[in-house]
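Peer 1: A single structure is presented below for examination.
Nothing in this text is a laboratory measurement; each read-out follows from the coordinates by a stated rule. What you are looking at is a predicted structure, and each value in this text was computed from that prediction instead of being measured. As a convention, Cβ positions derive from the backbone with ideal geometry for all residues, glycine included, and neighbour counts pool all protein chains shown.
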Amino acid sequence: MNILAVDTSLGACSVALVNDERVLAHAFEVMARGHAEALAPMVEAAMKQADWEFANLQRLAVTTGPGTFTGQRVGLAFMRAMRIALGIPLVGVTTLSAMAEQAMAETGAGIAVGVHDARRDEVYLEIAGSVQLPPCLLPFAAAIERLAELAAPFALAGTAAERAHQHLPASVLSHVRQPDALWVARLARSLTPAHEPPRPLYLRPPDAKLPAQR
């Protein structure tokens, strides 16, 4: 299956083009901002590197979050537009699951945790592998308590991985700190596309509140 995947949700921008197990093109750039300007040229460069036309694509994939408000929307808006233009399925993958999948491949662990600093002494957390926990928002201390219950050694990935590792002797610290579109593409191969396009995953309500009606 020919898949184009992108990620703009957190502190990097990445694009991957895969044909089943073969990686045809891959670009990953760490960046705090500028995802909107970088994404289209990176996609175009990946297609040229593979010497492919967009008509060759059979599936699209994108990270849905958790992530920054703007970053999540950049990738989703871009890929939703491509879904309409090309008439092919688009699947969503969480940022945390993409990092966890990469961490399992790097370390050989059967369980991996994506743990991202959500500020306010909170973290976004997802457990993947032989033990699973859907994406959630937890106080850092509560996340450590939850992970300390895991019986088997597990890998840690994400921006809060190093801090968590200091409190979890059974954990293995991977080098993964940001999601990578290559692992988004690999996860997307086994997912069944929904009828509706993926939506952004927000685990924390917005800070701004509408004024109450009098």
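Peer 1: For the range 21-64, run through the GluC sites (Glu not before Pro) and keep only the ones in DSSP coil with at most 15 other Cβ atoms within 10 Å of their Cβ.
Peer 2: Sparse-neighbourhood loop GluC sites (Glu not before Pro): GLU21, GLU53.
Peer 1: Please give me, ordered by residue number, the trypsin sites (Lys or Arg not before Pro) of the range 105-171 that lie in loop per DSSP and have at most 11 other Cβ atoms within 10 Å.
Peer 2: ARG120
Peer 1: Something else about it: Looking at the range 62-214, send over the antiparallel percent of its DSSP beta bridges, to the nearest 5.
Peer 2: 60 percent
Peer 1: Using all Cα-Cα distances in the chain, what percent lands in each 10 angstrom bin from 0 up to the longest?
Peer 2: Pairs per bin, as whole percents: 9, 35, 33, 17, 5, 1, 0.
Peer 1: Still on this structure: First obtain the Kirkwood hydrodynamic radius of the range 106-162 from its Cα pairs, then insert it into the Stokes-Einstein equation at 10 °C and 1.306 mPa s, and state the resulting D in µm² per second as a whole number.
Peer 2: Translational D for this selection: 141 µm²/s.
Peer 1: Rounded to two decimal places and with Rh computed the Kirkwood way over Cα pairs, what is Rg over Rh for the range 91-214?
Peer 2: 1.03
Peer 1: Using the Cβ atoms and a cut-off under 14 Å, what net charge is assigned to the surroundings of GLU44, where Lys and Arg are +1 and Asp and Glu are -1?
Peer 2: -2
Peer 1: While we're on this one: Using DSSP to define loop residues, name the trypsin sites (Lys or Arg not before Pro) in the range 27-73 whose beta-carbon has at most 10 other beta-carbon atoms within 10 Å.
Peer 2: none
Peer 1: Quick check: net charge around VAL62, other residues with Cβ under 12 Å of its Cβ, Lys/Arg +1 and Asp/Glu -1?
Peer 2: It works out to a net charge of +4.
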